[in-house]
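The values are calculated or read from the model by the stated rules, or taken from the named source; none is laboratory data. Fair warning: this is a prediction, and the values are worked out from it, not measured in the lab. Here the Cβ is made from the backbone with ideal geometry for all residues, glycine too, and neighbour counts use every protein chain on show.
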Amino acid sequence: MFIENPYIAFSMGIFAIYLNIVNVLDAPERLQESHIKFTASYILSTNAIVVSILVTIDQLIERGYVKWAGVVAQVPILSIILISGGMCTDTDSAIRAITQHIYMLAYQTWPSMAFIGVIWGGSALGTPIALTLASIAVIIILLIQYTIVKTKL
(Lines give C-alpha, C1' and ligand atoms only; values in the text may rest on other atoms or scores of the structure.)
Protein backbone atom coordinates (compact mmCIF):
# COMPACT_ATOMS: atom_id res chain seq x y z
CA MET A 1 0.00 0.00 0.00
CA PHE A 2 2.82 2.40 0.84
CA ILE A 3 5.46 1.25 -1.64
CA GLU A 4 4.61 2.46 -5.12
CA ASN A 5 8.05 1.83 -6.66
CA PRO A 6 8.05 -1.62 -8.31
CA TYR A 7 11.84 -1.93 -7.96
CA ILE A 8 11.65 -1.51 -4.19
CA ALA A 9 8.79 -4.00 -3.98
CA PHE A 10 10.74 -6.46 -6.14
CA SER A 11 13.87 -5.99 -3.98
CA MET A 12 11.84 -6.65 -0.85
CA GLY A 13 10.46 -9.82 -2.44
CA ILE A 14 13.95 -11.05 -3.33
CA PHE A 15 15.10 -10.34 0.24
CA ALA A 16 12.10 -12.28 1.61
CA ILE A 17 12.97 -15.22 -0.65
CA TYR A 18 16.56 -15.13 0.61
CA LEU A 19 15.42 -15.18 4.24
CA ASN A 20 13.09 -18.10 3.54
CA ILE A 21 15.91 -20.04 1.87
CA VAL A 22 18.08 -19.52 4.96
CA ASN A 23 15.23 -20.69 7.24
CA VAL A 24 14.42 -23.74 5.12
CA LEU A 25 18.05 -24.87 4.94
CA ASP A 26 18.53 -24.40 8.67
CA ALA A 27 15.24 -25.98 9.75
CA PRO A 28 16.14 -29.71 9.61
CA GLU A 29 18.72 -29.18 12.36
CA ARG A 30 16.18 -27.39 14.56
CA LEU A 31 13.03 -29.46 14.00
CA GLN A 32 12.14 -31.90 16.74
CA GLU A 33 9.82 -34.84 16.76
CA SER A 34 7.37 -33.69 19.37
CA HIS A 35 3.64 -33.98 19.16
CA ILE A 36 1.59 -30.84 19.58
CA LYS A 37 -1.55 -31.14 21.69
CA PHE A 38 -4.54 -29.00 20.79
CA THR A 39 -7.25 -28.33 23.36
CA ALA A 40 -10.86 -27.65 22.47
CA SER A 41 -10.62 -24.06 23.71
CA TYR A 42 -7.50 -23.51 21.58
CA ILE A 43 -9.24 -24.79 18.45
CA LEU A 44 -12.43 -22.80 19.13
CA SER A 45 -10.62 -19.55 19.91
CA THR A 46 -8.31 -19.91 16.91
CA ASN A 47 -11.27 -20.48 14.58
CA ALA A 48 -13.18 -17.56 16.11
CA ILE A 49 -10.22 -15.24 15.55
CA VAL A 50 -9.69 -16.41 11.97
CA VAL A 51 -13.40 -16.07 11.12
CA SER A 52 -13.56 -12.58 12.65
CA ILE A 53 -10.53 -11.47 10.63
CA LEU A 54 -12.07 -12.87 7.44
CA VAL A 55 -15.35 -11.08 8.18
CA THR A 56 -13.40 -7.86 8.82
CA ILE A 57 -11.62 -8.22 5.47
CA ASP A 58 -14.95 -8.85 3.74
CA GLN A 59 -16.53 -5.79 5.35
CA LEU A 60 -13.58 -3.58 4.43
CA ILE A 61 -13.88 -4.69 0.79
CA GLU A 62 -17.67 -4.19 0.82
CA ARG A 63 -17.21 -0.64 2.10
CA GLY A 64 -14.58 0.18 -0.53
CA TYR A 65 -11.48 0.02 1.69
CA VAL A 66 -9.67 -2.48 -0.52
CA LYS A 67 -6.15 -1.32 0.42
CA TRP A 68 -6.93 -1.63 4.13
CA ALA A 69 -8.39 -5.08 3.48
CA GLY A 70 -5.06 -5.99 1.88
CA VAL A 71 -3.21 -4.74 4.95
CA VAL A 72 -5.45 -6.71 7.33
CA ALA A 73 -5.10 -9.80 5.12
CA GLN A 74 -1.33 -9.68 5.52
CA VAL A 75 -1.45 -9.88 9.32
CA PRO A 76 0.07 -13.28 10.18
CA ILE A 77 -2.87 -14.36 12.32
CA LEU A 78 -2.01 -18.02 12.67
CA SER A 79 1.65 -17.22 13.32
CA ILE A 80 0.67 -14.90 16.15
CA ILE A 81 -1.66 -17.53 17.61
CA LEU A 82 0.93 -20.31 17.40
CA ILE A 83 3.71 -18.23 18.91
CA SER A 84 1.55 -16.80 21.67
CA GLY A 85 0.32 -20.31 22.49
CA GLY A 86 3.92 -21.47 22.79
CA MET A 87 4.66 -18.69 25.25
CA CYS A 88 2.14 -20.07 27.75
CA THR A 89 4.56 -22.73 29.01
CA ASP A 90 7.84 -22.74 30.90
CA THR A 91 10.79 -20.95 29.29
CA ASP A 92 12.61 -23.98 27.85
CA SER A 93 9.43 -25.47 26.40
CA ALA A 94 8.36 -22.06 25.07
CA ILE A 95 11.68 -21.53 23.30
CA ARG A 96 11.51 -24.99 21.71
CA ALA A 97 7.86 -24.56 20.67
CA ILE A 98 8.35 -21.07 19.24
CA THR A 99 11.47 -22.14 17.33
CA GLN A 100 9.59 -25.12 15.96
CA HIS A 101 6.67 -22.93 14.86
CA ILE A 102 8.94 -20.38 13.18
CA TYR A 103 10.57 -23.07 11.07
CA MET A 104 7.23 -24.67 10.23
CA LEU A 105 5.88 -21.28 9.15
CA ALA A 106 8.96 -20.72 6.98
CA TYR A 107 8.22 -24.00 5.24
CA GLN A 108 4.58 -23.00 4.75
CA THR A 109 5.57 -19.77 3.01
CA TRP A 110 7.17 -21.49 0.03
CA PRO A 111 4.16 -23.36 -1.40
CA SER A 112 2.01 -20.22 -1.29
CA MET A 113 4.77 -18.11 -2.88
CA ALA A 114 5.13 -20.69 -5.65
CA PHE A 115 1.39 -20.82 -6.21
CA ILE A 116 1.01 -17.04 -6.44
CA GLY A 117 4.11 -16.62 -8.60
CA VAL A 118 3.02 -19.25 -11.11
CA ILE A 119 -0.55 -17.89 -11.19
CA TRP A 120 0.81 -14.41 -12.00
CA GLY A 121 3.27 -15.75 -14.54
CA GLY A 122 0.78 -18.08 -16.19
CA SER A 123 -2.29 -15.84 -16.17
CA ALA A 124 -1.84 -15.07 -19.88
CA LEU A 125 -2.26 -18.79 -20.64
CA GLY A 126 -5.76 -18.85 -19.14
CA THR A 127 -7.16 -19.76 -15.75
CA PRO A 128 -7.28 -23.58 -16.09
CA ILE A 129 -3.69 -23.82 -17.33
CA ALA A 130 -2.41 -21.31 -14.75
CA LEU A 131 -4.15 -23.21 -11.92
CA THR A 132 -2.79 -26.53 -13.15
CA LEU A 133 0.77 -25.17 -13.40
CA ALA A 134 0.46 -23.52 -9.98
CA SER A 135 -0.77 -26.77 -8.43
CA ILE A 136 2.13 -28.67 -9.97
CA ALA A 137 4.55 -26.05 -8.63
CA VAL A 138 3.12 -26.47 -5.13
CA ILE A 139 3.50 -30.25 -5.31
CA ILE A 140 7.11 -29.90 -6.47
CA ILE A 141 7.91 -27.46 -3.64
CA LEU A 142 6.32 -29.79 -1.08
CA LEU A 143 8.31 -32.76 -2.41
CA ILE A 144 11.56 -30.76 -2.22
CA GLN A 145 10.79 -29.70 1.34
CA TYR A 146 9.89 -33.23 2.36
CA THR A 147 13.13 -34.51 0.87
CA ILE A 148 15.20 -31.90 2.70
CA VAL A 149 13.60 -32.53 6.07
CA LYS A 150 13.30 -36.31 5.81
CA THR A 151 16.95 -36.88 4.88
CA LYS A 152 18.25 -34.70 7.74
CA LEU A 153 15.99 -35.80 10.59
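Before we move on, is GLY122 in a helix (DSSP H, G or I), surrounded by 14 or more Cβ atoms within 10 Å (Cβ to Cβ), at pLDDT 70 or above and of a type in the set (Gly, Ala, Ser)?
In short, yes.
What number of residues within region 75-102 are among the acidic types (Asp, Glu) and at pLDDT 70 or above? Spell out how you get there, then give the answer.
Taking region 75-102 first, the residues among the acidic types (Asp, Glu) are 90, 92.
Adding the requirement that they be at pLDDT 70 or above leaves 92.
Qualifying residue count, region 75-102: 1.
Looking only at region 103-119, which residues are over 15 Å from ILE21 (Cβ atoms) and modelled with pLDDT under 75?
Filtering region 103-119 down to residues over 15 Å from ILE21 (Cβ atoms) leaves 104, 112, 115-116, 118-119.
Result: MET104, single match.
Would you check if there is a residue in region 32-53 being in a helix (DSSP H, G or I), of a type in the set (Asp, Glu), at pLDDT below 70 and closer than 20 Å to GLN145 by Cα?
Checked region 32-53: no residue is in a helix (DSSP H, G or I), of a type in the set (Asp, Glu), at pLDDT below 70 and closer than 20 Å to GLN145 by Cα.
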